Amino acid sequence: MRWLWIDSVVAFEPERRMAAVKNVSLAEEHLHDHFPPEGELPAQPIMPASLILEGMAQTAGILVGSVNAFREKVILAKVALFEMDEDVVAGQCLRYDAHIERLDPAGAAAEGTIERLDHRDGEWRSIGRASLMFSHIDQNRAGVEFPEHNFVFGPNFRVILESSGLSRFITPSQAPPSAKN
Amino acid sequence: MAMSADEIFKSVQGVLCETLMVDEDEVTPEASLVKDLGAESIDFLDIVFRLEKKFSFKIQQGELFTENVMSNPAFVVDGKFTDSGMKMLREKMPHLDFSGFDADRRVDALSELFTVNALCEFVKRKLATPQAGAPA
């Protein structure tokens with residue numbers, strides 16, 4: 001799946017909260033470049049913080065989009081806060097827990113915490129936090145025309161919702177034939 | 001108990017420091033949100049949300065900042081507000097100080113009226129108005 005930085009939705013409270021997980025694997029190309037061996041220094045495969053932020057934004061963005069049955073084009077417009085306390089490496093699992101702080105026709109504010117599971121001790125540990133602003137772009141860009149179809153919530157996101165048992169939140173016009181349940 | 005003008009200013013200053021990542025001493029009463037403090041479009045929504053939280057009131061779309069007026073030919077012609085446009089602005093945006101703007105009327109210059117003072121005035125008026133309910 002291209003540019004999908006969550007693997008599955010694990011908790012969903014409509015209009016309020018959503019949590020998603022992401023398993024970090026050495027098979028992911030970006031870990032080989034972040035960071036490769038340099039001189040005598042060995043490789044240091046660390047999950048890039050920018051992609052952790054993307055995963056958090058996708059989690060919160062889907063939550064925001066679900067409020068209006070994914071009819072709005074929800075765009076990440078501002079990262080008011082993003083803090084990471086520790087690195088994340090292959091074999092670990094990330095959990096993004098997002099909740100909506102405020103939502104109105106123009107957009108939404110969401111808060112999120114980032115947790116990490118290390119299978120060696122089996123414990124989830126809070127390692128980061130984010131405050132994000134989302135814009136409903138059709139409401140905020142008078143005079144600017146965007147494509148009719150919702151290019152934000154495309155086929156990739158449907159796979160996530162369907163595999164997480166949340167396909168009922170997709171409106172009939174967006175759902176592929178197999179998902180009309 | 002009603003908040004004093006200084007208390008309102010301090011709270012608005014705090015909101016703007018958090019939203020726009022600026023220092024307290026930059027947030028002077030006359031500072032323009034866009035020109036002096038570097039606010040961008042999404043920051044306005046952020047400011048609205050944070051003011052609602054800080055003061056426990058609800059701000060309707062288009063109540064604090066103008067929305068969808070620029071493309072209305074009754075209000076704007078050749079990039080300037082018409083008499084109707086000015087009347088509408090005065091009615092909808094009583095918290096803005098239009099002295100000096102009547103001669104200019106350029107749409108591009110409207111953002112400069114959104115100053116820290118204008119926000120404080122908005123909050124003062126809002127707190128003086130009975131609220132239907134706090135934000136959900």
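The values are calculated or read from the model by the stated rules, or taken from the named source; none is laboratory data. Computed from a predicted model, the values in this text were never measured in an experiment. Positions of Cβ are backbone-derived with ideal geometry, glycine not excepted, and every protein chain shown enters the neighbour counts. Accessible surface areas use protein heavy atoms only, side chains included; no ligands, DNA or RNA. Shrake-Rupley method; radii C 1.70, N 1.55, O 1.52, S 1.80 Å.
List of remarks:
- Note on segment B:1-33: among residues that are over 22 Å from A:ALA80 (Cα atoms) and free of Cβ contacts under 8 Å to residues at least 40 places away in the same chain, the one that is most open to solvent (accessible area, probe 1.4 Å) is B:MET1.
- Looking only at segment A:61-73, residues that are of a type in the set (Val, Ile, Thr) and either out of contact with any helix residue (DSSP H, G or I) (no Cβ under 9 Å at 6 or more places or on another chain) or outside any helix (DSSP H, G or I) (or both) come to 2 in all.
- Note on segment A:26-60: among residues that are assigned to a helix (DSSP H, G or I) and β-branched (Val, Ile, Thr), the one that is farthest from A:TYR96 (Cα to Cα) is A:ILE52.
- Some residue of segment A:12-19 being without any contact (Cβ under 8 Å) to a residue 24 or more places away in the chain, open to solvent by 50 Å² or more (accessible area, probe 1.4 Å) and within 14 Å of A:HIS99 (Cβ to Cβ): yes
- Looking only at segment B:53-94, and only at residues there that are among the small types (Gly, Ala, Ser) and closer than 28 Å to A:LEU103 by Cα, the one that is farthest from the other protein chains (Cβ to nearest Cβ): B:SER56
- Within segment A:75-97, not a single residue is under 21 Å from A:GLY107 (Cβ atoms), in a loop (DSSP other than H, G, I, E, B) and open to solvent by less than 20 Å² (accessible area, probe 1.4 Å).
- Condition met for B:ASP36 (free of Cβ contacts under 8 Å to residues at least 40 places away in the same chain, in a loop (DSSP other than H, G, I, E, B) and surrounded by 13 or more Cβ atoms within 10 Å (Cβ to Cβ)): yes
- In this structure, A:ARG141 does satisfy being at pLDDT below 95, in contact with a Ser or Thr (Cβ under 9 Å, 6 or more places away or on another chain) and of a type in the set (Lys, Arg).
- Failed item in (1) open to solvent by 40 Å² or more (accessible area, probe 1.4 Å); (2) within 14 Å of chain A (Cβ to nearest Cβ); (3) outside any helix (DSSP H, G or I); (4) in contact with a helix residue (DSSP H, G or I) (Cβ under 7 Å, 6 or more places away or on another chain), with B:ARG50 passing the rest: (3)
- Selection of segment A:1-35 for residues being basic (Lys, Arg) and at pLDDT 95 or above yields A:ARG16, A:ARG17, A:LYS22.
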